[in-house]
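One structure is given below, encoded as structure tokens.
The values are calculated or read from the model by the stated rules, or taken from the named source; none is laboratory data. Computed from a prediction, not measured in an experiment: that's the story for all the values here. Cβ: placed from backbone, ideal geometry, glycine included. Neighbour counts: every protein chain shown. Areas reflect the complete protein model, heavy atoms only, side chains present, ligands, DNA and RNA absent. Shrake-Rupley method; radii C 1.70, N 1.55, O 1.52, S 1.80 Å.
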Amino acid sequence: MEDALAAIGGIVKLMSDDAAAVVFFRFQAIWDFGFWFVAEFGPTRRFTQAMLTRQSTPGLLSLIEHTRPDVVVSTYPNVTEVLGRLRRSGRLEIPVIAAITDLAALDYWASRGVDVHLVTHPESIPEVRRIAGDAGEVHCVHGFSLPEFRVPMAAERARGLLGLPPSGWVVLVSGGGWGVGDVIGAIEEALQLKGVTQVVCLCGYNESLLRRVVATFGSDRRVRAEGFTDRMPEWMAAGDVLVHSTCGLTVLEALMRGCPAVSYGWGRGHIRRNDEALRRFGLAEVVATRGELRPALERALARPRRPDPRFADLPSAASFVLAAGDRAQQATPA
């Protein structure tokens, strides 16, 4: 495992990694404009992709030459875009696999030249084809979430393992790994629902949010704040509804467990496109204002829990990586 942004460095790392920590929290309108500029408006998207490739190529090729892999798997969209361009220009001879963990807004996640695109949602495949064309493979797979999600777990058992109340509604509130969005407002709305015995805030890596939740709700035993956790299979089995602000894998994991999801609290840039896809495919309810949140939660809690059966028999991401590596070795002259 290698950090491609660290190898690329310079302005690409600054804009892709370092700036996000500021823009996502303090200057969110800039992210709306930035996403339109780099991804949505065709002429500026093509310009940005060309400049990204120009700035990233030396560091990325140096990293690949140093590690000498049989196949490259990219989990970061900006890196995927550069690898696809290098692959189709002939400057990169080894197979490239793109791991796509968003539902929509897949420019940069998908790229012409990439040999295999692996998606987490079957609904993403048409957008990948539109962007990348028909030359490469596209498969919906498992393997980007913990394997425990493929093993059914009763809510009662999950609650016992996590120390949650055995009765009443459990509402999960998450701002993703960054801990962004109106998390405090979501907790307050969930507490107004009759029958809610526990609201759990999953704060991700955001320690400031964790402290703020504790300070705001410290006297209310119905609110529990959790930092980064590797127990998401249990949380999604225990929860009756998820409020999430950034879509991504957390909503996918809720679908796998049959925990209804409501997207609320951010809706910026690429999340706006993902929210549109959630609505279009009926995967989750999306609300824009706090006033809409409580009725949406009531509707979600009234629905029976239904794990999505489509994910049970998906092939593994690893199987396609290994197959690409085998093909590359067989094609190498002895």
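Data table
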| item | result |
| --- | --- |
| Scope region 197-219; condition of a type outside the set (Phe, Trp, Tyr), more than 25 Å from the chain's Cα centre (by Cα), more than 20 Å from residue 232 (Cα to Cα) and at pLDDT 95 or above; matching residues | 214, 215, 216 |
| Residue 305 at pLDDT below 95, basic (Lys, Arg) and closer than 25 Å to residue 126 by Cβ | no |
| Matching residues in region 243-257 - criterion: being of a type in the set (D, E, K, R) and closer than 17 Å to residue 140 by Cα | 253 |
| Within region 169-274, strands (runs of 3 or more DSSP E) holding 1 or more residues that are charged (D, E, K, R), open to solvent by 40 Å² or more (accessible area, probe 1.4 Å) and touching a residue at least 24 places away in the same chain (Cβ under 8 Å) | 223-226 |
| Residue 152 being open to solvent by 30 Å² or more (accessible area, probe 1.4 Å) and part of a loop (DSSP other than H, G, I, E, B) | yes |
| Answer residue from region 10-31, given it is in a helix (DSSP H, G or I) and open to solvent by less than 40 Å² (accessible area, probe 1.4 Å) and is modelled with the highest pLDDT among those | 12 |
| Subset of region 298-334 [open to solvent by 80 Å² or more (accessible area, probe 1.4 Å) and within 23 Å of residue 233 (Cα to Cα)] | 302, 303, 305, 306, 309, 310, 313 |
| Residues of region 302-320 satisfying the condition of being of a type in the set (A, V, I, L, M, F, W, C) and over 24 Å from the mean Cα position of the chain (by Cα) | 302 |
| Residues of region 35-45 that turn out to be open to solvent by 20 Å² or more (accessible area, probe 1.4 Å) and assigned to a helix (DSSP H, G or I), as a count | 7 |
| Number of positions in region 46-78 that are part of a helix (DSSP H, G or I) and under 20 Å from residue 10 (Cα atoms) | 22 |
| Answer residue from region 156-168, given it is within 19 Å of residue 203 (Cα to Cα) and among the aliphatic types (A, V, I, L, M) and is surrounded by the fewest Cβ atoms within 10 Å (Cβ to Cβ) among those | 162 |
| Scope region 150-179; condition modelled with pLDDT of 95 or more and within 16 Å of the chain's Cα centre (by Cα); matching residues | 173, 174 |
